[in-house]
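Quick notes on the structure that follows.
The values are calculated or read from the model by the stated rules, or taken from the named source; none is laboratory data. What you see is a predicted model, and the numbers here were worked out from it, not measured in a lab. FYI the Cβ positions are ideal-geometry reconstructions off the backbone, even for glycines, and counts take in every protein chain you see.
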Amino acid sequence: MSLLFGCALAPAQDKIQPVNVPDATWQPTRVPDRIVLTWSDDPATTQSVTWRTSADVTAAAAQITVADPGPDLETSAQTVAAASEPLTTNLGPAHYHSATFTGLKPHTLYAYRVGDGQLWSEWFQFRTAAATPQPFSFIYFGDAQNDIRSKWSRVIRSAWQDAPKAAFMIHAGDLINNAETDQEWGEWFGAGAWMNAMVPSIPVPGNHEMAGRNGPRRLSHHWRPSFTLPQNGPSGLEETCFTLAYQGVRIIGLNSNEKQAEQATWLDDVLSKNQEQWVICTFHHPMFSTGKDRDNKELRAQWKPILDKHRVDLVLQGHDHTYGRTGLETPVAAANANTGANARDTFSGTVYVVSVSGPKMYNLQRQPFMPRQAEGTQLYQIIHVNGDKLSFEAFTAAGELYDAFTLTKQATGPNTLLEQIPDTPERLGPPVAAEPAKKASEVLK
């Protein structure tokens, strides 16, 4: 059963005016499109890829070879058969295909392409993870959601310019606005374009990936055909709740839309067995809200005690269409409203971040335990992991450094945190125009 998280009011702007594009733009053809790298298993020895074609492509494949400076990639390529499944959307039928390359060598550059044996994509390249902890960087995005083609494209592209060697991209939910609208999925894939085919994505679903506005909420029919993700979470949450390890970092993706209790039990078990030095969790609804008049009490009651118990290092979230970042201390109060917010929890030393990458903006809820916040600002974040240090940088869509800090892992006890907030003025207003409150039945639309 899905829970509603502090959404009784529409705290801000929801009037993004999309740039109209003909529906034919998003129609599938026999030529592969919507190509995206993900992981369903060990990033050091496997790589999954998913793509779309028109429905008349019933047999598909991928080819892979160790990347060579010469052009004759086909001569050494191995062919891997793809699994295919149909998906009928509001724009008609399509086929989605997925293949997983296995038996790969760690820290090795590979070239691959996808197709049907006659029509192929261009050759792309990716590098497998190292088998042991090594320095790396990755990108984190909050909600893209609205007017994706027109106004989110610049954000993901600016992020790539700043981190062209990023190991992967985390998307903390609400990739799109309407769960079953194929045009919006087309915009999301189009914005990332070839980057999605070169840099693996780690997405988790937000409330806008959940369909069924007038009945039971359910995961968008697009989600599982579009992404090939680990299926090592609780039953019924396949490819929405999962974990993987990358070069000394345990990454955990959670589905904050439903089955929070089941995920709490699973999360505790995963963290109890964890052997990686760093732990990063990502989910959509914030543990500590930055959107005005929002508060996710149920989620916090279920998950925060476990995050505290295991001293999770970093939690990456979305949903509130603002920016906010805690220090090492967070409230122990039952709610993160102003009342009781002066009580501090120094046990875990977890840093919680809420961010937004798309153009939809909400009014900001100021939180005294957050040293840096913003509203009306599109951002992307680049995180660097190097031994016992994890460095975090948040940039505006214009490429300006907005927030930064470094965590240092301690032999015992919580991390230490070095604040590195730049001189960039804090963007706290003027407030965007709020909309009238919505009915409870409308809040997840």
Filtered residue count, the stretch 135-178, keeping only those that are under 25 Å from residue 211 (Cβ atoms), of a type in the set (Ser, Thr, Tyr) and either surrounded by 20 or more Cβ atoms within 10 Å (Cβ to Cβ) or within 10 Å of the chain's Cα centre (by Cα) (or both): 0
Answer residue from the stretch 179-213, given it is closer than 15 Å to residue 146 by Cα and among the aromatic types (Phe, Trp, Tyr) and is surrounded by the fewest Cβ atoms within 10 Å (Cβ to Cβ) among those: 189
Every residue from the stretch 153-190 that is of a type in the set (Phe, Trp, Tyr) and either over 24 Å from residue 241 (Cα atoms) or not assigned by TED's automatic domain parsing to the domain that holds residue 321 (or both): 160
Answer residue from the stretch 280-313, given it is of a type in the set (Gly, Ala, Ser) and surrounded by 24 or more Cβ atoms within 10 Å (Cβ to Cβ) and is nearest to residue 384 (Cα to Cα) among those: 289
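This table checks each residue for (1) closer than 30 Å to residue 291 by Cβ; (2) in a loop (DSSP other than H, G, I, E, B).
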site	(1), (2)
95	no, no
103	no, yes
106	no, yes
114	no, no
139	yes, no
149	yes, no
157	yes, no
184	yes, no
Failed item in (1) small (Gly, Ala, Ser); (2) in a strand (DSSP E or B); (3) loosely packed, with under 12 Cβ neighbours inside 10 Å, with residue 394 passing the rest: (3)
Residue list for the stretch 262-289, filter: of a type in the set (A, V, I, L, M) and either under 19 Å from the mean Cα position of the chain (by Cα) or at pLDDT below 95 (or both): 267, 279, 280, 287
Members of the stretch 233-291 that are in a strand (DSSP E or B) and not hydrophobic (A, V, I, L, M, F, W, C): 243, 246, 250, 253, 258, 282, 291
Index of the failed condition, residue 372 passing every other in (1) at pLDDT 95 or above; (2) closer than 13 Å to residue 325 by Cα; (3) buried (at least 23 other Cβ atoms within 10 Å of the Cβ): (3)
Of all residues making up the stretch 116-137, the number that are assigned to a loop (DSSP other than H, G, I, E, B) and within 26 Å of residue 205 (Cα to Cα): 2
Test result for residue 329, more than 30 Å from residue 130 (Cβ to Cβ), surrounded by fewer than 24 Cβ atoms within 10 Å (Cβ to Cβ) and touching a residue at least 60 places away in the same chain (Cβ under 8 Å): no
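Condition check ((1) over 26 Å from residue 360 (Cα atoms); (2) aromatic (Phe, Trp, Tyr); (3) touching a residue at least 24 places away in the same chain (Cβ under 8 Å); (4) touching an Asp or Glu at 6+ places or on another chain (Cβ under 7 Å)) across all residues:
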site: 198; (1), (2), (3), (4): yes, no, yes, no
site: 206; (1), (2), (3), (4): no, no, yes, yes
site: 251; (1), (2), (3), (4): yes, no, yes, no
site: 257; (1), (2), (3), (4): no, no, yes, no
site: 279; (1), (2), (3), (4): yes, no, yes, yes
site: 286; (1), (2), (3), (4): no, no, yes, yes
site: 310; (1), (2), (3), (4): yes, no, yes, no
Filter result for the condition that a residue is within 28 Å of residue 250 (Cα to Cα), among the small types (Gly, Ala, Ser) and either at pLDDT 90 or above or surrounded by fewer than 24 Cβ atoms within 10 Å (Cβ to Cβ) (or both), over 349, 340: 349
Number of the condition not met by residue 269 [criteria: (1) surrounded by fewer than 20 Cβ atoms within 10 Å (Cβ to Cβ); (2) acidic (Asp, Glu); (3) touching a residue at least 12 places away in the same chain (Cβ under 8 Å)]: (3)
Criterion: more than 27 Å from the chain's Cα centre (by Cα) and at pLDDT 95 or above - qualifying residue of 104, 87, 73: 73
Residue 216 vs. criteria outside the structural domain of residue 64 (by TED's automatic domain parsing) and surrounded by 22 or more Cβ atoms within 10 Å (Cβ to Cβ): no
